[in-house]
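Step one of this worksheet: look at the structure below.
Any read-out appearing in this document is the output of simple, stated calculations on the displayed coordinates, not a laboratory observation. All of these numbers come straight from a predicted model, not from anything done at the bench.
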């Protein structure tokens with residue numbers, strides 16, 4: 001069985017309409033939470049990450065407050081391998097946060113909810129100028 005055939009991973013594409021990306025150039029504009037599901041070896045944490053990805057999108061949207069779009073996607077095996085090579089010691093499964101098709105951050109493995117809240121708060125914090133004014 002392919003990792004993309006796991007019910008919770010498959011549900012991301014069928015129920016939630018998330019695309020399977022083959023390249024970073026295919027990522028939608030704005031932020032994308034890209035699931036790297038561990039294609040080489042099905043991992044016990046993969047279904048857990050797939051299950052919470054829709055909730056993580058809601059969390060990200062709450063932090064962004066409409067400033068930028070946020071969507072989800074699943075990496076195919078080739079893109080996953082490329083990202084693991086480029087990002088160094090990245091344990092799978094993982095979430096890679098893309099901003100306009102560029103890697104902004106990654107969160108390896110399944111984490112407790114407070115970790116996601118904290119990381120998203122930092123990742124999606126509004127940018128400010130030197131005098132503290134928001135960048136628009």
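Would you work out the relative contact order for the chain, in percent, from Cα pairs under 8 angstrom that are 6 or more residues apart?
Numbers: 209 pairs, mean separation 41.4, N = 136.
Here the relative contact order equals 30 percent.
What number, rounded to the nearest 500 deg cm²/dmol, is the helix-based mean residue ellipticity at 222 nm of the chain, given -39500 (n - 2.57) per DSSP H run of at least four residues and division by all its residues?
Rounded to the nearest 500, it is -11000 deg cm²/dmol.
So which residue, out of 69, 93, 126, gets the largest mean-square fluctuation from a GNM of the chain using Cα contacts under 10 Å as springs?
Largest GNM mean-square fluctuation: 126.
Output the 0 to 90 degree angle, nearest 10, between the alpha-carbon long axis of helix 46-64 and the longest principal axis computed from the alpha carbons of the chain.
10 degrees
Among DSSP beta bridges whose residues both lie in segment 3-118, state the antiparallel percentage, nearest 5.
Details: 12 of 19 bridges.
Taking every DSSP beta bridge with both residues in segment 3-118, the antiparallel ones total about 65 percent.
Can you give the Rg and Dmax of segment 3-118 based on its C-alpha atoms, in angstrom?
12.8, 37
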